[in-house]
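The structure appears right after this line, and notes come after that.
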Amino acid sequence: MESAGVRALAGSPIDPKMLVALGHPQAATDFAARQVEKHMIAGADLVLTATRRQRSAVVSLVPPALAKTYTLAEFARYCAAYRATQPGDDGVGSLDDPLSDVIAFAGRRRGGDIPRRLEDDDISDPHGRSLRVHRRVARLIDAKAAAVLAALDHVEPS
């Protein structure tokens, strides 16, 4: 797993408010932001972004990446739907390769399973905002990531 940004300030540390919001004020001291590059996208099995705008930027860099690029909220929604199916339903695979199965499932659902509001697929950048906003965003990311991991690990999200 790798992390990079479409408009990253390369070399920047994690925002101190986000570290506090995550409950790790002293953690990740070796983290440095980096800019996403074409080879990262091309080599990834799955690309998750925070916003639809970032998703578009990724796909603009590497157009064939459309099939594997989602916002985190969007992919979490597909993961929840995937967990609600049984192997063999809606073409769900054998569960031998959960990541490939979930990505294929998401691809089949894409465009047919849209949120009530399109902006619900975005996770706002809390940079420059209050600690309260950072905490809200951290909880949202945690919930969406838990949904993805639950689909991949076949466990109940916390």
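Residues whose amide H lies under 5 Å from that of Val36, counting only those 5 or more places away or on a different chain, are Gly5, Val6, Ala8; hydrogens are built 1.01 Å from N in the peptide plane.
The convex hull defined by the C-alpha atoms of the chain has an orientation-averaged projected area of 9.9 nm². Taking the 1.4 Å solvent-accessible surface of the chain as the whole, the part contributed by carbon and sulfur is 55%. Per-residue surface analysis assigns Arg34 an accessible area of about 80 Å², computed on protein heavy atoms at 1.4 Å probe radius. Dipole magnitude for the chain: about 780 debye, using +1 per Lys or Arg Cβ and -1 per Asp or Glu Cβ, origin at the Cα centre. The H on the amide N of Thr71, modeled in the peptide plane, is under 5 Å from the matching H of Thr49, each at least 5 residues off or on a different chain.
The values are calculated or read from the model by the stated rules, or taken from the named source; none is laboratory data. A quick note: this is a predicted structure, and the numbers were derived from the prediction, not measured. As a convention, Cβ positions derive from the backbone with ideal geometry for all residues, glycine included, and neighbour counts pool all protein chains shown. What goes into the accessible areas is simple: the full protein's heavy atoms, side chains included, and nothing from ligands, DNA or RNA. Shrake-Rupley method; radii C 1.70, N 1.55, O 1.52, S 1.80 Å.
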